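Below is one structure, written out as structure tokens; comments come after it.
The values are calculated or read from the model by the stated rules, or taken from the named source; none is laboratory data. All values reported here derive from a predicted model rather than from experimental measurement. Heads up, the Cβs are rebuilt from the backbone with ideal geometry, glycines too, and the neighbour counts pull from every protein chain shown. For the accessible areas, the whole protein counts, side chains as well, though only heavy atoms, and no ligand, DNA or RNA atoms are used. Shrake-Rupley method; radii C 1.70, N 1.55, O 1.52, S 1.80 Å.
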Amino acid sequence: MREQGCPEGDLFSFLSLQRKKDLGYRNILSSMCTPPHPVAARAHAMFLETNLGDPGLFPGTAELEELLVRRLATLMHHPKAGGYATSGGTESNIQAFRIAKKQKPVESPNVVVPASSHFSFQKACDILGLAMRTAPLDTHFRVDAEAVESLVDKDTVCIVGIAGTTEYGMVDPIAHLADVALDRDVFLHVDAAFGGMVVPFLDRPIPFDFHLPGVDSLSVDPHKMGMSTIPAGCLLVRNPEQFSCLNVDTPYLTVKRECTLAGTRPGASVAAAFAVLEYLGMDGMRAVVAGCMENTRRLVEGMETLGCERAVTPDVNVATFSCSRAPAGWRVSTTRAGHMRVVCMPHVTRDVIEAFLKDMSDMHA
């Protein structure tokens, strides 16, 4: 650290140079995040100093967290679900495993996850000492539910299903997994970090949430398709009392027990997430999702015209293709199987899609 402070002009000149190194969002086609909605940015700025790690100091922000949980729980067909705002899917998934493990204390606990699961589950298993059993996918990149059932035994503490897989945008057969969970008396966690803010607004219903009796918990990330500021995730559980198993004493805070993983928790992004949902409402979110899905269809159509076949028809706004190389200046990613992957987030507009397809066409000419 400098002996003396840096002049403001020099500091912000340096910060501006660093910011220019960040690729503009217009050409980023591989991210599951997007520039925050203007309403989110405005709300975030109003709550910059708030800390939900000590909610009694910021009662208004704590009420916003409760309202956010209620909005998302209602969207997931269980208004009385318990929940709290997390930093995102990774924290939510770790906490879900913690709850599941404590609900079923066994000597050698294991979990059954799809081969398509997010890498956060590997982190969770490493932290919690869980054996991870990986179930294969079917030809449509959804988990094979019968394979999941065959992997479950008396030491299985949790089954995982994905609603909107990171690589291929698929929704696992959650209804089938819920039946398995009920039949085998195993906790079922649904990672809907991405799809949770997409699937409820699709034209065709896909069962994945608390409407299914076997679903015990859900992760949902408003900082993805909810267009909130980062970080804004949420963990929901069917039975709010299950959070009590995670409580630790916090004697010097305004609340004397807390179940959260993080201590300090930003309130600003919680206010931002609530503001977007409140401002857009169901109709507004439905319109956003419809636009993203239409752009996904246009991208698939255009890419197949160029000879880049789709890997699968996605359930949500993620498109994958047989080709893997993109034109210079565009940021895409590749799946583990080598398919090009594009996520049609709100910033990936029709104009962006057309510009990308033109550059792809020029590259293939």
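For region 97-149, enumerate the residues that are touching a Cys at 6+ places or on another chain (Cβ under 7 Å), of a type outside the set (Val, Ile, Thr) and open to solvent by less than 30 Å² (accessible area, probe 1.4 Å).
Of everything in region 97-149, those that are touching a Cys at 6+ places or on another chain (Cβ under 7 Å), of a type outside the set (Val, Ile, Thr) and open to solvent by less than 30 Å² (accessible area, probe 1.4 Å) turn out to be 97, 100.
Would you list the helices (runs of 4 or more DSSP H) that sit entirely within region 60-162 and hold 1 or more residues that are under 21 Å from residue 32 (Cβ atoms) and at pLDDT 95 or above?
Those helices (runs of 4 or more DSSP H) span 89-103, 120-128.
Between a residue in region 97-121 that is under 9 Å from residue 155 (Cα atoms) and any residue that is in a strand (DSSP E or B) and open to solvent by less than 10 Å² (accessible area, probe 1.4 Å), which pairs come within a Cβ distance under 6 Å, given they are 6 or more apart or on different chains?
104/157; 109/157; 110/156; 111/158
Restricting attention to region 311-332, which residues are of a type in the set (S, T, N, Q) and not in a loop (DSSP other than H, G, I, E, B)?
Within region 311-332, 320 is the sole residue that qualifies.
Against the conditions (1) part of a helix (DSSP H, G or I); (2) open to solvent by less than 30 Å² (accessible area, probe 1.4 Å); (3) of a type in the set (Ser, Thr, Tyr), where does residue 260 fall short? Just the number, please.
That leaves (1) as the condition not met.
Which condition does residue 309 not pass, out of (1) open to solvent by 50 Å² or more (accessible area, probe 1.4 Å); (2) more than 28 Å from residue 115 (Cα to Cα), if it passes all the others?
That leaves (2) as the condition not met.
Return the residue satisfying two criteria in turn: it lies in region 171-229 and is more than 12 Å from the chain's Cα centre (by Cα) and basic (Lys, Arg), and of such residues it is least open to solvent (accessible area, probe 1.4 Å).
By that ranking, first place goes to 184.
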